[in-house]
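K.L.:
My structure is below; once you've seen it, I'll send some questions.
The numbers here are math on the coordinates, done by the rules we state, and not lab data. Keep in mind it's a predicted model, so treat the numbers as computed, not measured. Cβ placement follows ideal geometry from the backbone for every residue including glycine, while neighbour counts extend to all protein chains displayed.
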């Protein structure tokens, strides 16, 4: 789509949908990038090279985030497995 601003024609990008990735997905992509290289991984997963490079540089933080996420999921799972007590039972 082109737009005219003053006497110049400027290309306007259409809205690009942003994608979010879980920590576990980032770690899997990082491992693959270590095996086949960042360029090949970016092509395989259709992710910009700079994004994979940033993830690779922040791998320690992503690992910590993944561990915290796993603990929270386990705690939520265990919490939902507890029998529900009625307020009237007390």
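K.L.:
Would you please put 28-37, 42-51 in order of how densely packed they are, using the mean number of other Cβ atoms within 10 angstrom per residue and starting with the highest? Before the final figure, lay out the partial values.
P.N.:
On the way: 28-37: 15.0, 42-51: 13.3.
Those peptides, ordered most packed to least, come out 28-37, 42-51.
K.L.:
Sort all Cα-Cα distances of the range 21-80 into consecutive 5 angstrom bins from zero, then give the percent of pairs in each bin up to the one containing the longest distance.
P.N.:
Result returned by the calculation: 4, 20, 26, 18, 12, 9, 7, 4, 1.
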